[in-house]
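The values are calculated or read from the model by the stated rules, or taken from the named source; none is laboratory data. Model, not experiment: these values are computed from the prediction. FYI the Cβ positions are ideal-geometry reconstructions off the backbone, even for glycines, and counts take in every protein chain you see.
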Amino acid sequence: MSIKINFEHEQNPYLTGSYAPVKDEITESNLKVIGEIPADLHGVYVRNGPNPRHTPEGRHHWFDGDGMLHAVHFEDGKASYRNRYVRTKAYEMESEAEKGLWRGLMEPAIHNPRSMPIKDTSNTDVIFHNGQLMALWYLAGQPYRMDPRTLETIGADDFHGKLKLNVSAHAKVDRKTGEAFFFDQSFFKAPYLSYGVVDHTGDLVHTAPIEVPGPRQPHDMAITENYAILMDLSLFADPEALKAGRYKVNFHPDIPSRFGILPRRGDMQSLKWFEADPCYVYHVVNAWEEGDEVVLIACRVKDPEPTSYDNKPLGKMLAFLRLDAHLYEWRFNMKTGETKERPLDDANTEFPTINDNFTGYKSRYAYNVHLSDEPTLFFDGIFKYDLQGDQHQRFWFGEGRRGSEAPLARRVGAKDDVEDDGYLVSFVHDERENQSEVVILDAQNLEAGPVARVLLPQRVPMGFHAAWVPGDELT
Ligand SMILES: [Fe+2]
């Protein structure tokens with residue numbers, strides 16, 4: 001029996017306008033360029049995001065949509081575009097059924113397929129590891145390998161047949177060693193957190209259960225040269241609601257946030273917990289070691305359970321997606337066990353990127369998008385934070401122009417020790433012109449404005465995380 005709720009989808013801002021899904025998967029070369037694509041920009045800018053393929057039943061959450069990659073390939077001053085769904089297990093099940101089989105995060109899971117109570121859409125992050133893309137999901141799911149040139153889904157990766165866990169959206173790659181570090185979370189039974197390491201060949205080389213008091217949903221993690229940092233934060237899913245098939249998160253302002261630091265191949269015996277003020281963290285900028293201290297820079301949300309935006313059915317989702325995050329520093333002393341913490345800025349900035357050659361090593365610059373003061377999550381600018389000085393820069397996308405997470409594309413021939421020797425690339429959708437484009441900025445001089453703008457053949461809906469694949473690593 002159908003239990004369809006007649007909710008007016010046209011009233012859901014995350015299904016309309018700049019968020020509306022696109023229907024077609026297309027490929028187009030020789031895109032029109034305003035300005036000149038730098039000859040030393042070679043590689044692929046790729047971004048993941050939700051693109052619901054079937055009309056959702058019930059209330060739709062932005063996080064529910066099927067994963068779709070959009071990519072622009074730059075080479076010899078030219079650009080080509082393509083977009084493809086991540087062909088997940090859920091995608092194939094719905095293809096076979098010729099209809100949607102899941103209801104979203106805001107509806108009870110009881111009517112969803114028993115084999116997958118919440119749909120693993122692989123819609124959240126995309127990373128580049130071992131010569132391939134890996135599409136990942138925010139509640140930890142199957143990692144899907146994708147071809148960075150064609151965006152074809154190669155398939156779910158089981159890391160040489162060894163993977164028994166799921167993989168977090170934010171796995172961290174050390175580009176010096178080629179290793180990828182991830183965690184898994186469990187809703188119903190211990191271990192509620194697990195940790196894993198995949199080597200540069202894609203072989204699962206280490207896993208460890210992590211003891212936490214109950215189900216926890218950290219979103220990101222960090223690495224340093226010698227350690228991994230896992231989080232047990234003050235916002236987590238209500239265990240009783242989970243048992244009843246509902247996903248409901250609560251902030252506990254009386255429970256400290258905890259950061260577990262363990263050697264890269266460590267376990268609970270070698271893990272040290274550090275307590276800090278209650279908070280939630282969606283995204284890490286970077287972490288590194290300085291003497292006895294482990295330094296963590298991230299976007300911290302002080303009040304992660306805001307009151308409803310407008311007391312309407314979607315008000316809670318709208319309020320949560322305001323984020324209200326601020327650049328923040330923690331220093332964990334591995335000798336004394338002491339935590340020091342401090343805010344670094346008061347602007348609402350998120351979706352940070354760095355030169356990913358520096359992931360786990362001391363870095364100076366963070367490139368965060370700024371969140372506009374609107375009901376839905378829109379990025380209206382990019383802030384370049386100077387963590388060692390005051391050389392901050394800002395670039396505003398412009399009236400009615402919405403940006404995306406902007407990774408650093410290292411210039412061909414970039415000097416290894418010049419961290420910002422490259423370009424920031426970002427999808428931008430101009431709502432007034434209904435035209436999407438890619439903006440290319442000089443990372444050393446954001447305020448000079450775009451070096452080039454590449455006009456795209458279709459709208460790129462607002463999305464989540466992005467990656468840069470260097471041209472010389474495309475196979
Ligand atoms: Fe994320």
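If only residues of the stretch 112-122 that are modelled with pLDDT under 95 and out of contact with any helix residue (DSSP H, G or I) (no Cβ under 8 Å at 6 or more places or on another chain) are counted, the one that is nearest to Val469 (Cα to Cα) is Ser115.
Here Thr55 passes the criteria (1) modelled with pLDDT under 95; (2) farther than 15 Å from Ser122 by Cα; (3) buried (at least 23 other Cβ atoms within 10 Å of the Cβ) except the one numbered (3). The residue list Asp157, Asp125 contains one member that is modelled with pLDDT of 95 or more, among the charged types (D, E, K, R) and in contact with a Lys or Arg (Cβ under 9 Å, 6 or more places away or on another chain), which is Asp157. If you go through the stretch 320-377 and pick out every residue that is of a type in the set (Lys, Arg), surrounded by 16 or more Cβ atoms within 10 Å (Cβ to Cβ) and under 23 Å from Gln391 (Cβ atoms), you end up with 3. Among the residues of the stretch 89-108, are any of a type in the set (Lys, Arg) and within 16 Å of the ligand (Cβ to nearest atom)? Taking every residue of the stretch 89-108 in turn, none turns out to be of a type in the set (Lys, Arg) and within 16 Å of the ligand (Cβ to nearest atom). Tallying residues that are within 23 Å of Asp356 (Cα to Cα) and either part of a strand (DSSP E or B) or not aliphatic (A, V, I, L, M) (or both) within the stretch 416-434 yields 12. Modelled with pLDDT under 95, part of a loop (DSSP other than H, G, I, E, B) and more than 18 Å from the chain's Cα centre (by Cα), is that true of Gly398? Against the criterion (modelled with pLDDT under 95, part of a loop (DSSP other than H, G, I, E, B) and more than 18 Å from the chain's Cα centre (by Cα)), Gly398 does not qualify.
Considering only residues that are within 16 Å of the ligand (Cβ to nearest atom) and among the charged types (D, E, K, R), which ones fall in the stretch 109-148? Those that are within 16 Å of the ligand (Cβ to nearest atom) and among the charged types (D, E, K, R): Asp120, Asp125. Out of Tyr85, Tyr14, Tyr45, one residue alone is surrounded by 15 or more Cβ atoms within 10 Å (Cβ to Cβ), within 26 Å of Thr376 (Cβ to Cβ) and in contact with an Asp or Glu (Cβ under 7 Å, 6 or more places away or on another chain). It is Tyr85.
Report yes if Val173 is among the β-branched types (Val, Ile, Thr), modelled with pLDDT of 95 or more and away from the ligand (no atom under 16 Å from the Cβ), otherwise no. Against the criterion (among the β-branched types (Val, Ile, Thr), modelled with pLDDT of 95 or more and away from the ligand (no atom under 16 Å from the Cβ)), Val173 does not qualify. Per this entry, Ala190 is not counted among residues that are within 16 Å of the ligand (Cβ to nearest atom) and of a type in the set (A, V, I, L, M). Inspection of the stretch 401-415 finds a residue satisfying the criterion of being assigned to a loop (DSSP other than H, G, I, E, B), out of contact with any helix residue (DSSP H, G or I) (no Cβ under 6 Å at 6 or more places or on another chain), surrounded by fewer than 16 Cβ atoms within 10 Å (Cβ to Cβ) and free of Cβ contacts under 8 Å to residues at least 12 places away in the same chain. Among the residues that make up the stretch 149-168, is at least one of them of a type outside the set (D, E, K, R), within 16 Å of the ligand (Cβ to nearest atom) and crowded, with 23+ Cβ neighbours inside 10 Å? Yes, the conditions are met somewhere in the stretch 149-168.
Screening the candidates Ser234, Ser270, Ser257 for the property of being of a type in the set (Gly, Ala, Ser) and either over 22 Å from the mean Cα position of the chain (by Cα) or within 16 Å of the ligand (Cβ to nearest atom) (or both) yields one hit, Ser270.
One residue stands out in the stretch 284-316 among those that are under 20 Å from Glu374 (Cβ atoms) and within 16 Å of the ligand (Cβ to nearest atom): the one that is surrounded by the fewest Cβ atoms within 10 Å (Cβ to Cβ), namely Pro304.
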